[in-house]
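S.K.: What follows is a structure written as structure tokens; I'll ask about it next.
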């Protein structure tokens, strides 16, 4: 993932909160984070005070709280785990959202002051006039119908969408009466595309980094469940064993590969497919990506009953761990923001969710640099197909192989990634326009390896994970000791 100034600011806040929590001085030092903004630091806003107001919003979100409270009080609440888990995972930072242009249509320098003046004659509100040899739009009259843009022979009038609005293919973001972005959380699927798109970092997600550290510090058996795509996140030279060792150095009692949950899912979903398709229904979809499941339920409801009833690898791993260690605290570490929302539905199995970015800041707050860690020996858990889940069509490959191993076959599989592609293709499948018996959907365009919570380049992760999967102890999910 590109290390932008926004990402640097977000990581600075997370790392400071982690460090202060590890050192038992969060309440005394949280205000020091605001002092990172000084007269001599880079300026992204009009003044130091505005910059600090935005930074205060980031701290509140990183504490998992609302943005309307004192950060010391917010810190106290978070330290005692007084966090409202019904708050949206993704939200707008009220102090940060104010830099985007608010007008939809602009006249550019391409305007030639033509004689026909089609823009003027076609404007239903007479909002366009000619001033100094070019068209001018009167914002007090314009209703943003777009007729001027459509009829201009030179294409001199352009339409501008806010980056967050443009990034949300589902229309879950609008601009309110105060000209600020507003997320309709009933329409939002928590994919994180808006957060990545906002050039001012005015959209962020709430974090559980402080409660996780407090669980470790209070002596709980905290187990890290790492998604397969963690391989390669810290560079091609950093081995998986180094990452797992670093997490244990940070205080996690154990590290478990979520690939074992992927193996369990492969078997359960294959058995479900064999039972249902085509005897009971024409096709079935995957259920691993929570954003995809939300898309189906909210935007392609005709296919909602075709979603697999099998839980995701995260939930399957958490369920298995809770059976082994009922008192353990389970922490999923992965590339996905939507997993934070999914975890709310399975509180009996998943206690917390951290992104790779948050996990990195948790370790760096304790001065642990993954690339410098001397790796301890680690027992591999997942199979080759289980480790391949985050790759493009990885779930399809695993389910297909498992169905074949059980004597069946997947007649026609279809893979779609990206929100708009999912809606288009799945709608076509439900109408019979695409021949499909198994549909895999991933909200992130390049699969889980390119999720919004990553810290590495997805191309490097793809190479590293593929090599790591090739030398897995077992190839097939049915051969895993966890599925037996």
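No lab work stands behind these numbers, since they all come straight from the coordinates. Because the structure is predicted, anything quoted here is derived from the model rather than measured. Methodologically, a virtual Cβ is constructed for each residue, glycine included, from the backbone with ideal geometry; neighbour enumeration extends over all protein chains shown.
S.K.: Which whole-number percentage describes the relative contact order of the chain, with Cα contacts under 8 Å and a sequence gap of 6 or more? Provide the component values of the computation, followed by the final result.
M.R.: On the way: 881 pairs, mean separation 87.8, N = 484.
Across the chain, relative contact order equals 18 percent.
S.K.: What nm distance separates the two modelled labels at residue 309 and residue 254, each placed 7 Å from Cα along Cα→Cβ?
M.R.: Going from the residue 309 label point to the residue 254 one covers 2.9 nm.
S.K.: Taking only the C-alpha atoms, wrap a convex hull around the range 105-159 and report its volume per residue in Å³ as a whole number. It would help to have the intermediate numbers written out before the result.
M.R.: Numbers: hull volume 3.7 nm³, N = 55.
Looking at the range 105-159, the number lands at 67 Å³ per residue.
S.K.: Among 136, 252, what is the fewest-to-most ranking by other Cβ atoms within 10 Å?
M.R.: On the way: 136 13, 252 25.
With the fewest neighbours first, 136, 252 line up as 136, 252.
S.K.: I need to check one value: relative contact order of the range 188-301, counting alpha carbon pairs closer than 8 Å and at least 6 residues apart, in percent. The partial results should precede the final answer.
M.R.: Working: 63 pairs, mean separation 29.4, N = 114.
Relative contact order of the range 188-301: 26 percent.
S.K.: How far, in nm, would the chain grow between residue 281 and residue 121 when pulled straight, counting 0.36 nm per residue and subtracting the alpha carbon separation?
M.R.: Working: separation 160, 0.36 × 160 = 57.60 nm, distance 5.58 nm.
Extending this stretch completely gives an extra 52.0 nm.
S.K.: Which label belongs to the value computed from this structure, given these candidates for semi-axes √(5λ) of the Cα gyration tensor in Å: [x] 35, 31, 26; [y] 41, 32, 18; [z] 47, 26, 19?
M.R.: [y]
S.K.: How high is the FRET efficiency from residue 34 to residue 375, r the C-beta distance, R0 30 Å, rounded to 0.05?
M.R.: On the way: r = 38 Å, r/R0 = 1.27.
That pair, residue 34 with residue 375, gives E of 0.20.
S.K.: Want the number for residue 113 to residue 481: 0.36 nm per residue separation, take away the alpha-carbon distance, what's left? Each step should come with its number before you reach the end.
M.R.: On the way: separation 368, 0.36 × 368 = 132.48 nm, distance 7.50 nm.
Full extension of this stretch gives 125.0 nm more.
S.K.: Another question, then. Can you give me the C-alpha center-to-center distance between the range 1-25 and the range 81-135, rounded to a whole angstrom?
M.R.: 34 Å
S.K.: Same structure again: How would you rank 300, 307, going from fewest to most other Cβ atoms within 10 Å of each one's own Cβ? It would help to have the intermediate numbers written out before the result.
M.R.: Working: 300 21, 307 18.
Fewest-to-most ranking of 300, 307: 307, 300.
S.K.: Under the definition of Cα pairs under 8 Å and six or more residues apart, what whole-number percent is the relative contact order of the range 211-479? Can you show the working numbers first?
M.R.: On the way: 519 pairs, mean separation 80.6, N = 269.
Relative contact order of the range 211-479: 30 percent.
S.K.: Ranking request for peptides 154-167, 230-243: highest mean number of other beta-carbon atoms within 10 Å first, then the rest in descending order.
M.R.: Details: 154-167: 16.6, 230-243: 21.5.
Most protected by this proxy first, the peptides run 230-243, 154-167.
S.K.: Cβ neighbours within 10 Å, averaged per peptide: list 139-146, 375-382, 331-338 in order, most packed at the top. Don't skip to the answer; put the middle values down first.
M.R.: Values: 139-146: 12.4, 375-382: 15.4, 331-338: 27.9.
Highest mean packing first, the order is 331-338, 375-382, 139-146.
S.K.: So in the chain, what percent of DSSP beta bridges are antiparallel if you round to the nearest 5?
M.R.: DSSP beta bridges in the chain are roughly 40 percent antiparallel.
S.K.: OK, next. Report the gain in length on full extension from residue 133 to residue 151: 0.36 nm times residue separation, minus Cα-Cα distance, nm rounded to one decimal. Walk me through the intermediate numbers first.
M.R.: Working: separation 18, 0.36 × 18 = 6.48 nm, distance 1.83 nm.
Full-extension gain reported as 4.6 nm.
S.K.: Among 25-33, 255-263, how do they line up by average Cβ neighbours within 10 Å per residue, starting with the highest?
M.R.: Details: 25-33: 16.3, 255-263: 27.9.
In decreasing order of mean packing, 25-33, 255-263 become 255-263, 25-33.
S.K.: Between residue 87 and residue 8, how many nm apart are label points set 7 Å from Cα along the C-beta direction?
M.R.: 2.7 nm
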